[in-house]
Amino acid sequence: ITQIPSKDEMAGFSFQRAFLKPFEVIMKGNETGKLREFILSCLNNILLARAQNVRSGWRSILAVFATAGVDQEESIAQLAFDILSRLVRSQFALLQFDFSDLIRCLNAFVDGPHAKIALGALGLLQLCAANLAQGSVTDKAIAHHAAQATTAAGKLTRLTSTGSMVSMTSVELDERATFEGTDGPNGS
């Protein structure tokens with residue numbers, strides 16, 4: 001499986017996306033923890049060996065991670081988040097052409113059921129916002145998604161508003177979660 005993305009994919013082709021799509025379909029259609037863990041392990045091995053060769057496959061990979069991000073089993077969400085975090089922190093340039101998919105993926109972790117992972121995802125969103133503001137997301141990458149995504153300013157606004165939650169203390173987050181878990185300030 002790690003040999004598939006061993007050669008650069010030619011522009012305009014999407015063999016990798018087609019090859020990795022079954023991982024996405026199985027991940028979305030099957031909630032068995034062992035199977036999901038196996039899928040994430042396979043993708044992790046592919047990315048450890050050949051991340052620099054992945055081109056059109058990022059969309060499917062990020063969709064798998066997003067599905068794992070909302071998984072009820074914390075170990076599945078944590079495994080996906082650890083892989084994604086490593087990629088964002090050490091190989092961000094590889095993800096820039098799929099920036100909007102990356103943001104959707106991180107938002108899935110934020111919306112997921114695990115508070116600690118959600119906070120980590122907010123931190124990664126803040127890092128993405130900083131990379132966007134510093135110009136690390138190239139004009140070519142932004143133009144690549146112009147038909148599918150909002151403008152860079154819109155992305156930055158959305159990221160910074162989401163990322164501002166990172167500055168909240170855990171007490172503020174707990175109070176917010178408690179308040180949102182009730183029907184209002186009276187808890188009725």
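The values are calculated or read from the model by the stated rules, or taken from the named source; none is laboratory data. Not measured: the values here are computed from a predicted model. Reconstructed Cβ throughout: ideal geometry from the backbone, glycine too, with neighbour counts over all protein chains shown. The accessibility values were calculated without ligands, DNA or RNA, using every heavy atom of the protein model including side chains. Shrake-Rupley method; radii C 1.70, N 1.55, O 1.52, S 1.80 Å.
Remarks
- A simple spin-label model places the labels of Ala130 and Arg104 2.7 nm from each other, with each point 7 Å out along Cα-to-Cβ.
- Region 29-124, relative contact order in percent, only Cα pairs under 8 angstrom and at least six apart counted: 29
- Once all protein chains are placed together, Ser90 keeps about 80 Å² accessible to a 1.4 angstrom probe.
- Maximal additional length on extending the Glu74-Asn44 stretch stands at 9.1 nm, based on 0.36 nm per residue less the C-alpha distance.
- Here's the picture: a label point sits 7 Å out from the Cα of Gln91 along the beta-carbon direction, and within region 38-52 the residues with their amide nitrogen under 14 Å of it are 41-52.
- Heavy-atom accessible area ranking, 1.4 Å probe, most first, across Arg36, Arg104, Arg59: Arg104, Arg59, Arg36
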